[in-house]
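The values are calculated or read from the model by the stated rules, or taken from the named source; none is laboratory data. Worth saying up front: this structure is predicted, and the values here are computed from it rather than measured. Using ideal geometry, Cβ is built from the backbone for each residue, glycine included, and neighbour counts are taken over all protein chains shown.
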Amino acid sequence: MQIKAIQIAQWVNGTIIRGEEDTLITGVNSVEDAKEGDLIFIRDKKYEPLLTKTLASAVLLGKDPSITLPEKLVCILVKNPEISFIQVLQKLVISQPSVPKGIHPTAIIGENVQLGKDCAIGPFVFIGKDTQIGENSIIFPNVYIGENCLLGNNTCIFPNVTIRENTTIGSQCVIHSGVCIGTDGFGFVFNGTEWIKVPQIGRVVIGDNVEIGSNTCIDRATLGETRIGKGTKIDNLVQIGHNVKIGENCAIAATTGIAGSAVIGNGVRIGAGSGINGHITIGNNVTIGAWSGVVKSLEDGVIVSGFPAVDHNRAKRILVAQQYVPELLKRVKDLETKIQKIENNCV
């Protein structure tokens with residue numbers, strides 16, 4: 001990789017505000033680990049001081065910094081440094097892990113399976129009968145896909161994924177290793193003596209351009225559908241219960257748990273480790289802070305955190321107030337003692 005700084009500026013519609021346009025860029029890196037030839041970016045003003053000692057050759061900036069910079073550092077002014085850096089990465093990605101096109105001899109393909117043009121089916125893959133796989137899709141080794149499933153075009157399924165029967169997955173999806181889709185929901189009823197299992201006979205439907213992180217589990221519906229809207233991104237180790245409905249372009253961070261029949265709107269952001277109660281509705285464009293417990297429905301656009309989740313500003317005040325509880329308890333105890341002495345003297 002040898003690209004001139006001016007070419008990178010052109011890629012991202014940026015402007016070189018200082019430094020030599022012909023400076024060669026040979027790699028990308030973080031500010032802390034950058035070496036000569038690397039391109040970096042600064043997301044926030046608080047990181048600007050790191051530029052004074054960076055070894056990088058070029059930086060993407062949101063505005064001209066008011067600090068002294070190394071003489072050889074090329075500064076490229078862009079609208080959004082993080083997005084611009086991603087655009088550069090996308091252009092520089094030359095190779096991705098892949099599987100040769102065609103069907104590996106060890107793969108097991110059921111009856112009436114339809115494979116689109118230029119599919120790649122890796123070693124020890126199992127595909128059940130009546131399943132359809134779209135064009136240019138890649139199925140890595142040791143993937144199980146049950147019968148009567150539908151996978152769209154250009155979808156990538158990484159190793160050791162389990163996709164149970166009757167599941168639909170859209171086009172341009174990425175399913176990372178260890179994901180389980182369409183497993184039984186946690187449906188049991190106690191009859192006074194023992195837990196009786198409720199048959200889980202529904203399905204899972206996942207829209208286009210969805211990415212699902214490693215070891216996430218998405219349960220099939222008891223009846224009907226568990227649904228994930230297009231463009232939604234799900235992190236590792238997320239649990240999505242039966243009959244959950246998640247809207248479009250949501251972002252759900254790791255170790256979040258969403259209980260059965262919860263409805264999540266479009267554009268919702270859920271921080272890591274959060275818990276969403278079942279049978280509630282989360283409105284559109286809601287932000288839920290990390291480690292929150294959402295126990296009741298939320299209106300559109302609110303920002304909440306804490307357990308139970310409340311308005312984020314109120315949650316911060318509660319956290320601050322909690323620090324003074326031991327002192328307050330001591331003061332109350334002292335006051336009770338004084339009042340008791342006054343009462344004894346009055347008797």
Quiz prompt | Qualifying positions in region 230-249 - closer than 22 Å to GLN200 by Cα and surrounded by 23 or more Cβ atoms within 10 Å (Cβ to Cβ) | solution = VAL238, ILE240, HIS242, ASN243, VAL244, ILE246
Exercise. Test each condition in (1) over 13 Å from the mean Cα position of the chain (by Cα); (2) surrounded by 24 or more Cβ atoms within 10 Å (Cβ to Cβ) for ILE252 and report the one that comes out false.
Key: (1)
Self-check item: Lone unmet requirement of (1) more than 22 Å from the chain's Cα centre (by Cα); (2) within 18 Å of ARG227 (Cα to Cα); (3) buried (at least 17 other Cβ atoms within 10 Å of the Cβ) for GLY128
Solution: (2)
Self-check item: The one condition in (1) farther than 30 Å from ALA251 by Cα; (2) touching a Ser or Thr at 6+ places or on another chain (Cβ under 9 Å) that ASP334 fails to fulfil
Solution: (2)
Quiz item: Name the pairs whose Cβ atoms lie under 8 Å apart, with the first residue in region 167-178 and touching a residue at least 60 places away in the same chain (Cβ under 8 Å) and more than 16 Å from GLY229 (Cβ to Cβ), the second assigned to a loop (DSSP other than H, G, I, E, B) and among the aliphatic types (A, V, I, L, M), and 6 or more positions between them or separate chains?
Solution: HIS176/VAL161
Quiz item: Could you list, in sequence order, the residues of region 187-226 that are among the hydrophobic types (A, V, I, L, M, F, W, C) and either at pLDDT below 95 or not in a loop (DSSP other than H, G, I, E, B) (or both)?
Solution: PHE188, VAL189, PHE190, TRP195, ILE196, VAL204, VAL205, ILE206, ILE212, CYS217, ILE218
Self-check item: Inter-residue pairs, beta-carbon under 6 Å, first under 25 Å from THR155 (Cα atoms) and among the polar types (S, T, N, Q) and in region 187-211, second at pLDDT 95 or above and part of a loop (DSSP other than H, G, I, E, B), 6+ apart
Solution: ASN209/GLN172; ASN209/LYS230; ASN209/GLY231
